[in-house]
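**Student:** This is the structure I have questions about; it appears just below.
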Amino acid sequence: MADHLHSELKKEFQLERMILFSDAVFAIAITLLVIEIKVPEIEKHLVNDHLLGEAMEHLIPKFVGFFISFILIGLYWILHHRMFGFVITYTPKTLILNLAFLFAVALMPFSTAYYSEYMLRSLVNPTLVYIFNIALLAIMNFLMWLHVSNPKNNLSEGISPREKKMYPLRAIILPFFFIVSAVVYMINPKLAVIAAPVMGLSIRLVRKLFIDKPRQKVTN
């Protein structure tokens, strides 16, 4: 009995280590996003509000990239937090999938900086790298959810039928629309601008149709 309790406590501690490590990667990635935005440097004898304003204008794409990636990393941290709220144990596969997911998180500062630097030049390569990173993030999140929620693995408890539908749908929709937007960008970069709002509306529509259906009242 004592050995079994010790084993359970040890496994719980190891699971906590994995979650804490994941949180640290999220925190570092989200911090590195803003480090990529450098304060404008103008020679002291030339500095004035006009030159500073022009310098700040050049930073707008970087702030746009920072804002989008901050929201995305924050969203996936929330999803990761919720997912592991159901997890009661883990396997070596759980560790590998989580590391692959964190690889995509850790890559976000680079892909964001690369994309932001060339955002206004309508170049395909930086956009594809950025979209690939986001798609990888979503796909690994999807695979991890399938692994964690699979009853055969006995890794989680307390997952409702609604949550079993909601998480896979969200995970599939995100990479699908980002990949579509990459194809659109290669055809016409200007049309790709509407990809984000269309993606947001589509996610809300799918959620309303398939997840948040009003429950039918039971009548006697």
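The values are calculated or read from the model by the stated rules, or taken from the named source; none is laboratory data. Because the structure is a prediction, the values reported are computed rather than measured. Glycine also receives a Cβ, built like all others from the backbone with ideal geometry; neighbour counts cover every protein chain displayed. Just the protein is used for accessible areas: all its heavy atoms, side chains included, with ligands, DNA and RNA removed. Shrake-Rupley method; radii C 1.70, N 1.55, O 1.52, S 1.80 Å.
**Student:** Once the convex hull of the alpha carbons of region 31-167 is built, what does its volume come to per residue, in cubic angstrom?
**Tutor:** Cα convex hull per residue, to the nearest whole number: 131 Å³.
**Student:** Using only the heavy atoms of the protein chains and a 1.4 Å probe, how would 23, 49 rank by accessible area, largest first?
**Tutor:** If we order 23, 49 from most to least accessible, we get 49, 23.
**Student:** Can you sort 144, 119 by solvent-accessible area, 1.4 Å probe, largest first?
**Tutor:** Descending order: 119, 144.
**Student:** I would also like to ask the following. Highest mean first, how do 155-161, 166-172, 133-139 rank when packing is the count of other Cβ atoms within 10 Å averaged over residues?
**Tutor:** 133-139, 166-172, 155-161
**Student:** Quick one: grab Rg to one decimal and Dmax as a whole number for region 48-113, Cα atoms only, in Å.
**Tutor:** 17.9, 59
**Student:** Modelled label-to-label distance, residue 103 and residue 120, 7 Å Cα→beta-carbon offset: nm?
**Tutor:** 3.6 nm
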